Amino acid sequence: MKIKEINRMVVKIGSSLLIDKDKGVNNNFLNNISEDILSLKKRGIETLVVSSGAIELGKIELDKTKEKFNLAESQAASSIGQIKLINSWKESLSKFDLNAAQILITAEDTENRKRFLNARSTIEELLREKYIPIINENDTVATSEIRYGDNDRLAARIAGMVAADCLILLSNVEGLYERDPSNEESRLVSNVEIIDKSITDMAGEAGELGRGGMITKIEAAKIATKSGCQMIISSGRVKNPILSSLNDGIGTVFQSQNKNLSALKSWISGSIKPSGEINIDNGANLALKNGKSLLSAGIINFDGEFDKGDTVTIKSRDKEVARGLTNFNSNDLSKIIGKKSEEIEEILGYLTKTEVIHRNNLFYSGNMDED
Ligand code: GLU
């Protein structure tokens, strides 16, 4: 993507870049990024930052960098470190006449539609006021089972939220490698059109699991690209990392899909933890592919407990093909599986919608491994 095609971009900074091990914030690096953000601004590009580092900075302040923290200790550390983190950003950005604003967000804020829209308008307002949102997960309160835990996926969800054209994940990896990067024959993949099994297998082979590893980066790429945003994985260990990646095309670029998706469908597509899984038959899969709604007759079975309005995954032959907002809670759905739409009212004893998922609330991706 050429710089001039970008209007809005999200930059995710990993802790390993931002922090000098055991010492504290790497101000040179931060200034380098701030300078990049100013250059982007001069080109008319709005930037949002997703910055990690709170927990690590808290550990440094507590002088406990060698210790393995449990959840409560990490949460306490993040609340200590976040102050340092945001102050460092504020100081660095102000050297380039840029203003910082802090946003701390939880998974509930992005996964609940109302809260998502609320967070989105706050961020839009900040951008209108020409402030640079510096975003992190609100680790101090994020105890629920749908905690992000990694800022890669959070950044991808934010990119979808603000309809960014480009998300760049800066860390100390240069991109996606075909095999383990320590293997000399392993080559960097420069362009990914579709994230299919061959790509997820490469991430698996890289052997990095968990927070900030290649697997979470690929998960982030799925979220971002499905919502119409291009994603780049690039090294932050070069001078002006954002501009040099955009100008010289270094790193791995994941091409965006579904450019004209509605805001609602984009949000549905990027859900980080759908509440259930519905298995459908071939006929229903074909109907969804052709833009129809999901009806009870085509449902084989389902897993999970959910409420009306929750996001669920739709699977055909064990592979995800779509996501949507269900019109029935799991209790009622269990009573109408395989039944004709006309029978629903009598079975449930109340007047209701007849589609299990209406097509307007459904995002169809197809089986990414097959198509
Ligand atoms: N939110 C965490 C922090 O600020 C970082 C999560 C991550 O490294 O992806 O410490």
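The values are calculated or read from the model by the stated rules, or taken from the named source; none is laboratory data. Since the model is a prediction, treat every value here as computed from it, not as a measurement. We place every Cβ from the backbone using ideal geometry, glycine too, and count neighbours over all the protein chains shown.
Brief remarks follow.
- Test: residue in the range 147-166 that is touching a residue at least 24 places away in the same chain (Cβ under 8 Å), under 18 Å from Ala221 (Cα atoms) and part of a strand (DSSP E or B): yes
- Filter result for the condition that a residue is modelled with pLDDT of 95 or more, more than 9 Å from the ligand (Cβ to nearest atom) and not in a helix (DSSP H, G or I), over Leu30, Leu93, Leu48: Leu48
- Residues in the range 327-371 that are β-branched (Val, Ile, Thr) and crowded, with 16+ Cβ neighbours inside 10 Å: Ile336, Ile337, Ile344, Thr354, Val356, Ile357.
- Test for Leu38: is it away from the ligand (no atom under 15 Å from the Cβ), outside any helix (DSSP H, G or I) and among the aliphatic types (A, V, I, L, M): no
- Residues being within 16 Å of Ala159 (Cβ to Cβ) and either outside any helix (DSSP H, G or I) or touching a Lys or Arg at 6+ places or on another chain (Cβ under 9 Å) (or both) - total across the range 117-131: 1
- Residue within the range 170-178 that is within 16 Å of the ligand (Cβ to nearest atom) and closer than 18 Å to Cys229 by Cα present: yes
- Residue in the range 55-62 that is more than 11 Å from the ligand (Cβ to nearest atom), touching a residue at least 24 places away in the same chain (Cβ under 8 Å) and surrounded by fewer than 20 Cβ atoms within 10 Å (Cβ to Cβ) present: no
- Note on the range 197-311: no enclosed strands (runs of 3 or more DSSP E) hold 3 or more residues that are among the basic types (Lys, Arg).
- Qualifying residue in the range 108-129 (condition: modelled with pLDDT of 95 or more, among the basic types (Lys, Arg), within 18 Å of Val10 (Cα to Cα) and in contact with a strand residue (DSSP E or B) (Cβ under 6 Å, 6 or more places away or on another chain)): no
- Residues satisfying the stated conditions in the range 291-318, i.e. under 18 Å from Phe363 (Cα atoms) and of a type in the set (A, V, I, L, M): Leu294, Leu295, Ile299, Val312, Ile314
- Checked against (1) among the small types (Gly, Ala, Ser); (2) surrounded by fewer than 18 Cβ atoms within 10 Å (Cβ to Cβ); (3) touching an Asp or Glu at 6+ places or on another chain (Cβ under 6 Å), Ser94 passes all but a single condition, namely (3).
- Total residues in the range 345-360, condition charged (D, E, K, R) and farther than 15 Å from Lys308 by Cα: 3
- Count - residues of the range 108-128 that are in contact (Cβ under 8 Å) with a residue 12 or more places away in the chain and away from the ligand (no atom under 15 Å from the Cβ): 11
- Flag for Arg187 being crowded, with 17+ Cβ neighbours inside 10 Å, over 18 Å from Leu264 (Cα atoms) and among the charged types (D, E, K, R): no
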